Amino acid sequence: QVQLVESGGGLVQPGGSLRLSCATSGFSFSSYVMTWYRQAPGKERELVARISAGSKITNYADSVKGRFTISRDNAKNTVYLQMNSLKPEDTAVYYCNRWLTPLAWGQGTQVTVSS
């Protein structure tokens with residue numbers, strides 16, 4: 001069964017940190033470039049970060065560069081997003097997925113940055 005299960009979101013104050021996890025199953029995780037997307041209320045889903053299959057190459061949206069770090073553990077079929085120096089504009093539902101050959105979207109994990 002193919003699954004993407006995001007977790008780790010929550011309510012955090014501006015300047016705080018969160019670490020998101022995405023546990024996957026049902027496909028050959030280590031063969032795929034993986035991504036994190038986010039969707040804020042009333043906005044389109046946007047690409048936040050991308051990581052190559054072997055973790056050597058990472059890419060970030062300009063809005064999160066220097067604050068967010070994507071990583072993966074191929075032994076655990078899991079991709080992570082470390083988010084530091086969070087801002088209110090980072091508030092969104094965060095999703096993971098494969099790059100170029102996306103699966104059905106998971107439920108996402110809500111991140112709310114507010115004082």
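The values are calculated or read from the model by the stated rules, or taken from the named source; none is laboratory data. Computed from a predicted model, the values in this text were never measured in an experiment. Here Cβ is always computed from backbone atoms with ideal geometry, including for glycine, and neighbour counts include all displayed protein chains. In case anyone asks, the SASA skips ligands and DNA or RNA and just uses the protein heavy atoms, side chains included. Shrake-Rupley method; radii C 1.70, N 1.55, O 1.52, S 1.80 Å.
Below, the figures for the structure above:
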{"quantity": "Residues satisfying the stated conditions in region 1-25, i.e. outside any loop (DSSP other than H, G, I, E, B) and farther than 15 Å from residue 82 by Cβ", "calculated": "3, 4, 5, 11, 23, 24, 25"}
{"quantity": "Selection count, region 46-61, where residues are charged (D, E, K, R) and either on the phi > 0 side of the Ramachandran plot or touching a His at 6+ places or on another chain (Cβ under 6 Å) (or both)", "calculated": "0"}
{"quantity": "Those residues of region 26-56 which are under 16 Å from the mean Cα position of the chain (by Cα) and either in a loop (DSSP other than H, G, I, E, B) or hydroxyl-bearing (Ser, Thr, Tyr) (or both), in sequence order", "calculated": "32, 33, 35, 37, 40, 44, 45, 52, 53, 55"}
{"quantity": "Scope region 74-103; condition farther than 15 Å from residue 18 by Cα, open to solvent by 50 Å² or more (accessible area, probe 1.4 Å) and modelled with pLDDT of 95 or more; matching residues", "calculated": "74, 75, 76, 77, 99"}
{"quantity": "Checklist (1) among the polar types (S, T, N, Q); (2) without any contact (Cβ under 8 Å) to a residue 24 or more places away in the chain; (3) in contact with a Ser or Thr (Cβ under 7 Å, 6 or more places away or on another chain) applied to residue 13, failing item", "calculated": "(2)"}
{"quantity": "Members of region 38-79 found to be in contact with a strand residue (DSSP E or B) (Cβ under 9 Å, 6 or more places away or on another chain) and aliphatic (A, V, I, L, M), listed by number", "calculated": "40, 47, 48, 49, 51, 53, 57, 61, 64, 70, 79"}
{"quantity": "Failed item in (1) within 16 Å of the chain's Cα centre (by Cα); (2) open to solvent by 40 Å² or more (accessible area, probe 1.4 Å); (3) closer than 14 Å to residue 70 by Cα, with residue 7 passing the rest", "calculated": "(3)"}
{"quantity": "Region 104-113: number of residues that are open to solvent by less than 60 Å² (accessible area, probe 1.4 Å) and among the small types (Gly, Ala, Ser)", "calculated": "2"}
{"quantity": "Region 88-115 residues that are without any contact (Cβ under 8 Å) to a residue 60 or more places away in the chain and more than 18 Å from residue 33 (Cβ to Cβ), paired with ones that are small (Gly, Ala, Ser) and open to solvent by 50 Å² or more (accessible area, probe 1.4 Å) (beta carbon under 8 Å, 6 or more apart)", "calculated": "89/63; 91/114"}
